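Presented below is the structure to which this report refers.
We did not get these values from a lab; they are worked out from the coordinates using the rules stated. Fair warning: this is a prediction, and the values are worked out from it, not measured in the lab. Positions of Cβ are backbone-derived with ideal geometry, glycine not excepted, and every protein chain shown enters the neighbour counts.
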There are 2 protein chains.
Amino acid sequence: MSGAAAGRTDTVEPGARRTRQRTAVLQALVGFRDFISAQALCALLTEAGVSVGLSTVYRTLRDLERAGRLDVVRDETGERLYRERPEDGHRHYLICRCCGRSRAVDTEVVEAWADRIGEHTGFTDVEHTLELTGVCAGCAPSAQQGETSCRQESPRRPSDPRRSPR
Amino acid sequence: MSGAAAGRTDTVEPGARRTRQRTAVLQALVGFRDFISAQALCALLTEAGVSVGLSTVYRTLRDLERAGRLDVVRDETGERLYRERPEDGHRHYLICRCCGRSRAVDTEVVEAWADRIGEHTGFTDVEHTLELTGVCAGCAPSAQQGETSCRQESPRRPSDPRRSPR
DNA sequence: GATGGACATGAAAATCATGTTCAGATAGTT
DNA sequence: AACTATCTGAACATGATTTTCATGTCCATC
């Protein structure tokens, strides 16, 4: 796991140093297949015995985002959630409001529509952000009753210390 | 301007009291045709001689949002921007990154697409958030050179005290 | 027109994600 | 090994939003 064949978990940016912390953040992000917050990622690393400072996590995520290697969304509270971008190009996700699991959705219709917007409006350099949320099949039964109660034991959101919001 | 014929600047919610502050917030929001932050709205009211506490502005905006009378977007920094919803139904906007001006765009294609997502994914109760940004025709010339320099003298953003972010 | 209680206000403090500082540690080179 | 630009992280700073709570205000009732 050193040297060749990497490319995805190699370095944050060409020219950047490869440190224990950045490698750990990058690997955790690749291994974690869903969106995760900076703080949760930091906690995840700590639990795994690879302690990385929160500042470093934020810095690394910022650099990765700049390098175009992450997709970023915001949850209801405005918190940013990151995910490694599976392949090139712009992708959108449908995220379960209960368990937080995400799945990529085909968005060519929206992309094409967004591209055409500029022509009709006189706007240039049009960019778009699309966020889709719903309740996945696995969460639907429990969501019918207690509304958003299924989040309580989310398996993909280690140590979520949010409590008061809403 | 009292009693009949209102309906838009009347009360925040049915059953809520009509106070000087809530009326002022609601009227300012209706008069201001673009997205505006809570803090900017508060400043706007203060400038207009109708001082309203920041807490009350936030509370009123929260209630209006719950009542479905506002459209809300987030700017690059995560700050929430509010705008009175012109008519019933879900609408989306194309916002100029330079001057902040917005215009509603026709989104039936996206709406229809989003509605169909559930069927293919097994997700229920699918909701979507779409944010479009670009550079409007008026800002295009100045944006070519100094990038986002045209924001400096935005006429629709009174007293914008943001500085450090990014 | 007084009273009482439910609701509203706002100044201050709390919260919370994220950014910045800077002294010390480290990677990669010579 | 020595060197130095870069990286790290604890502590602190920031800034939007929320909560607290003492005080104010509306309104039905007497």
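Observations
- Distances in nm from A:Val50 to the matching label points in the other copies, shortest first (labels 7 Å along Cα to Cβ): 5.6
- Calculated label separations, B:Pro86, copies of the chain, 7 Å along the beta-carbon direction, nm: 3.8
- Two-decimal ratio, segment B:99-141, of alpha-carbon radius of gyration to 2.2 N^0.38 Å: 1.64
- Cα-based convex hull volume of segment A:8-88 per residue, rounded to whole Å³: 89
- Across segment B:101-114, coupling constants 3J(HN,Hα) worked out from phi with the 6.51/-1.76/1.60 Karplus curve, θ = phi - 60°, read 5, 10, 9, 5, 10, 6, 10, 5, 4, 5, 4, 5, 5, 4 Hz, and Gly and Pro carry x.
- Computed E for A:Arg116/B:Thr19 - FRET, C-beta separation, R0 30 angstrom, nearest 0.05: 0.10
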